[in-house]
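Comments concern the structure below.
The values are calculated or read from the model by the stated rules, or taken from the named source; none is laboratory data. Just so it is clear, the model here is predicted, and its values are computed rather than measured. Neighbour counts run over all protein chains shown; Cβ positions are idealised from the backbone, glycine included.
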Amino acid sequence: MATTLFTQNTIALIWDFDKTLIPDYMQSPLFRRYGLDEAVFWQETNALAARYHERGYHLSSEIAYLNHLLTHVQAGPLAGLNNQILQACGAEITFYPGLPEFFRLARGYVGERPKYASHGITLEHYIVSTGLAPMIRGSAIAPHVDGVWACEFIENPLQPGFLRQRDLSLDPPAAEIAQIGLVIDNTTKTRAIFEINKGTNKNPAIDVNAKMAAEDRRIPLQNMIYIADGPSDVPSFAVVEGGGGRAYAVYNPARPDEFAQNDKLLQTSRISGYGPADYTPGSSTAQWLRMHIHQICDRIVADREAAVAQKTTKPPRHLNTLPEDETSLRAQAARKPKQTSFLDGEK
């Protein structure tokens, strides 16, 4: 018997991280720990591509900062840096007002009306970032998140000939980060969106590149809200908006230029709305998200009830044994009041 893979009653809030959930770059605690000048690091990172081009090399700007971190490890300023330290630095990340409490509150929005609960609607949070996964996993928001896509490093890289070794250490001693394990950039963020869409993150047997019918995808794009801070997320905005979902941009209330930037995104139909990066319950951003979560819930309920109505038939009824007009006449006669004759009183 044919069946769909998923019930499609899950809503996904997909979050950028830097400048969306936090006012600074997440690497700030790392630089403070090692006494590095953060401004100089980013100035050097931004100049790398041009300098390498002068030497005849091509450098992807998306991995430039990852390479520069590894160079700092090798050269000494970040000597000893490993994933454990990165995770510890994540605990020092400061979030915008209302976080991480808003993540908990948002899950409750899908249970605020009985009809939502009757259809088992749930909400999940995902972070898709060009930042560092260990730092996100070490931050205060990690317990409220269902999945993280971000850049990762490898310690203790396997050496040539490792396939010929009979025994490999299952738990090698901690070492410095030495290689890039995973890169998430502003384009590959869209791959993460489709992994969430198809359910690859829940069922590894599902290949993100495999053809899949819309009704078989775990979280339809129209069940998604993508929240980020600006133009670098336009590819992700476009994917979610194009699939019938919502795209929402946030800005630092202290930055009029970010406000203007988001307004331009709205005027060019890149996003559904925008507001301050303030997630306290009374803020316009929290209210916008709550309202649109409810709208998605309403549409899920309507779609599921329509599907039930379409796929079920009315039960059979007893047939009348009398002709239709005779049955109608008898029913009318039964409803008429009884006429009393003057002879009735003489009986």
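Can we say PRO253 is outside any helix (DSSP H, G or I) and either under 15 Å from the mean Cα position of the chain (by Cα) or surrounded by fewer than 17 Cβ atoms within 10 Å (Cβ to Cβ) (or both)?
In short, yes.
Here's the yes/no breakdown for (1) at pLDDT below 90; (2) of a type in the set (Gly, Ala, Ser):
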| residue | (1), (2) |
| --- | --- |
| GLY161 | yes, yes |
| ALA175 | yes, yes |
| GLY199 | no, yes |
| VAL208 | no, no |
| PRO231 | yes, no |
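So, in the range 19-41, how many residues would count as being surrounded by fewer than 19 Cβ atoms within 10 Å (Cβ to Cβ) and not in a helix (DSSP H, G or I)?
Total meeting the criteria: 6.
Take VAL73 and decide whether it is exposed (fewer than 13 other Cβ atoms within 10 Å of the Cβ), in a helix (DSSP H, G or I), β-branched (Val, Ile, Thr) and modelled with pLDDT of 95 or more.
No: the conditions fail for VAL73.
Can you find, within the range 210-233, the residue that is farthest from the chain's Cα centre (by Cα) among those that are within 21 Å of PHE103 (Cβ to Cβ) and assigned to a loop (DSSP other than H, G, I, E, B)?
Of everything passing the filter in the range 210-233, ASP229 is farthest from the chain's Cα centre (by Cα).
Could you pull out the residue among ARG246, ARG270, ARG290, ARG255 that is in contact with a His (Cβ under 7 Å, 6 or more places away or on another chain) and either among the charged types (D, E, K, R) or under 20 Å from THR130 (Cβ atoms) (or both)?
ARG246
Restricting attention to the range 235-248, which residues are part of a helix (DSSP H, G or I) and either in contact with a Lys or Arg (Cβ under 6 Å, 6 or more places away or on another chain) or on the phi > 0 side of the Ramachandran plot (or both)?
SER236, PHE237
Specify the residue that is nearest to the chain's Cα centre (by Cα); the eligible residues are those in the range 106-123 that are touching a residue at least 12 places away in the same chain (Cβ under 8 Å) and closer than 15 Å to MET291 by Cα.
Of everything passing the filter in the range 106-123, LEU123 is nearest to the chain's Cα centre (by Cα).
Which residue out of ARG137, ARG218, ARG164 is free of Cβ contacts under 8 Å to residues at least 60 places away in the same chain and buried (at least 17 other Cβ atoms within 10 Å of the Cβ)?
ARG137
Of the residues in the range 271-297, how many are touching a Ser or Thr at 6+ places or on another chain (Cβ under 7 Å) and among the hydroxyl-bearing types (Ser, Thr, Tyr)?
Adding up the residues that qualify gives 1.
Against the condition modelled with pLDDT under 95, within 27 Å of THR7 (Cα to Cα) and surrounded by 13 or more Cβ atoms within 10 Å (Cβ to Cβ), how does ARG290 come out, does it pass?
So ARG290 does not fit the description; no.
Could you identify the single residue in GLU54, GLU44 that is modelled with pLDDT of 95 or more, acidic (Asp, Glu) and loosely packed, with under 13 Cβ neighbours inside 10 Å?
Answer to the check: GLU54.
Across the range 256-280, what is the number of residues that are within 13 Å of TYR96 (Cβ to Cβ) and in a loop (DSSP other than H, G, I, E, B)?
4
Of the residues PHE41, PHE103, which single one is without any contact (Cβ under 8 Å) to a residue 40 or more places away in the chain and of a type in the set (A, V, I, L, M, F, W, C)?
PHE41
Residue check, ILE296 against (1) under 23 Å from SER129 (Cβ atoms); (2) within 15 Å of the chain's Cα centre (by Cα); (3) touching a residue at least 40 places away in the same chain (Cβ under 8 Å), all met but one. Which one?
(1)
Output the number of residues of the range 196-205 satisfying the condition of being surrounded by 18 or more Cβ atoms within 10 Å (Cβ to Cβ) and on the phi < 0 side of the Ramachandran plot.
Selection size over the range 196-205: 5.
Would you pick out the residues in the range 81-127 that are assigned to a helix (DSSP H, G or I), among the hydroxyl-bearing types (Ser, Thr, Tyr) and surrounded by fewer than 18 Cβ atoms within 10 Å (Cβ to Cβ)?
Scanning the range 81-127 gives a single hit, SER118.
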